[in-house]
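A.B. asks: This is the structure, below, for whatever I ask next.
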Amino acid sequence: MIDFEWWLNNEDLGRMVDYVRSRSSKRKLQLFDCACCTRIRHLMTDPRSQAAVKVAELRADELVEEKEVLDAAHQAANAYLPIAAMADVVYGDPNWSALDALSADDAERLEEAYRSAIALHRTEPSPDRNSVFSAFHAAGAAYLTISPNADPVHDVSYWACAAVAHATNPDFEAAYASGGDAAESVAHRRLFGDIFGNPFQPVVLVRTWLTSTVVSLATGIYDDRAFDRLPILADALEDAGCDNQDLLKHCREPGEHVRGCWCVDLLLDKS
Ligand SMILES: [Zn+2]
């Protein structure tokens, strides 16, 4: 049965996503994808992948023009295709689920990238398969996050966990078979909780909490991504008469908070 207990204990991110998909906004799902990608920025070997994630985060809040999103998606595809082709060449067992999100134009460019990778592989010493697969999955996660053809949470978490598995497990076959790094998957479920809170017991906003100090702090935290200021926000909320322990505890508990954090969203009236 899907209820409060299930939500607290669930380890199946896919089912949690299914549960909130029709009950929440596309923005929050997009921000979750961005948060998964931001954790693996260091594994993205092409700056165009990193740039695409930044644009995707702005897109979630409708702060960029559609043209800029399309351009970032095009650049992310250009970063993804060569490393995807190389991953195929060094392993010979294509894993092209990200290609569902590619346009016909991108598919043509993939063929070009594939030919280049084969030529490069003939002349260069064999690259480390784990390095190639880590970069391949990280670039794929970034591409899926920005692609206008991909659904939010369309496997971004899986691709990010696979990138970490190949970056941290020296045994390539074990990393390949693992289905992604387990600790990273736990971190993703925590991020999911940070963004979606508890849909079974949502905190109801009391307007008197919204003093100028609270609003100013929450706005600054969001704009500056300064989540280390959340405990200060908790103090300001208490000064405003807030005694909701779910809200105060969330602001004070250690752990990763990201754009879309349910607490800051609640105070800024973002959904
Ligand atoms: Zn939070």
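FYI, it's all coordinate maths here, none of it is from the lab. All values derive from a computational prediction rather than experimental measurement. Don't worry about glycine lacking a Cβ; one is built from the backbone with ideal geometry, like all the others, and counts go over all protein chains shown.
A.B. asks: Whole angstrom only: what separates the Cα centroid of region 253-271 from the Cα centroid of region 148-194?
C.D. replies: If we compute the Cα centre of each part, the gap is 23 Å.
A.B. asks: Give me the mean projected area, in nm² to one decimal, of the convex hull enclosing the Cα positions of the chain.
C.D. replies: Working: hull surface 60.9 nm².
The Cα convex hull of the chain, projected and averaged over all directions, gives 15.2 nm².
A.B. asks: Say R0 is 45 Å: what FRET efficiency, to the nearest 0.05, do residue 21 and residue 131 get from their beta-carbon distance?
C.D. replies: Efficiency at R0 = 45 Å is approximately 0.85.
A.B. asks: Moving to a separate point now. Fully extended, how many nm does the chain gain between residue 240 and residue 228 (0.36 nm per residue separation, minus their Cα-Cα distance)?
C.D. replies: Result: 2.3 nm gained on full extension.
A.B. asks: Within the chain, which whole H helices from DSSP have a Cα span along their axis of at least 24 Å and a mean Kyte-Doolittle hydropathy of -0.5 or more, if any?
C.D. replies: For the chain, where a helix must reach 24 Å along its axis and average at least -0.5, the hits are 66-91, 129-146.
A.B. asks: Between residue 91 and residue 58, what is the spin-label point distance in nm, taking each point 7 Å from the Cα along the Cα→C-beta axis?
C.D. replies: My value for the distance between the label points is 3.3 nm.
A.B. asks: Still on this structure: Report the extension gain between residue 168 and residue 149 in nm, rounded to one decimal, defined as 0.36 nm multiplied by the number of residues separating them, less their alpha carbon distance.
C.D. replies: Between residue 168 and residue 149, full extension yields 3.8 nm more.
A.B. asks: As a check on your grasp of the helix formula, calculate [θ] at 222 nm for the chain: sum -39500 (n - 2.57) over DSSP H runs of n ≥ 4, divide by the residue count, round to the nearest 500.
C.D. replies: After summing the helix terms and dividing by the residues of the chain, the value is -20500 deg cm²/dmol.
A.B. asks: How high is the relative contact order of region 4-196, in percent, with contacts defined as C-alpha pairs under 8 Å that are six or more residues apart?
C.D. replies: For region 4-196, the relative contact order is 27 percent.
A.B. asks: Among all stretches of the chain without exposed GluC sites (Glu not before Pro) (DSSP loop, at most 13 other Cβ atoms within 10 Å), which one is longest?
C.D. replies: It runs 66-255.
A.B. asks: Taking 30 Å as R0, compute the FRET efficiency from the Cβ-Cβ separation of residue 208 and residue 4 and round it to 0.05.
C.D. replies: My answer for the efficiency is 0.65.
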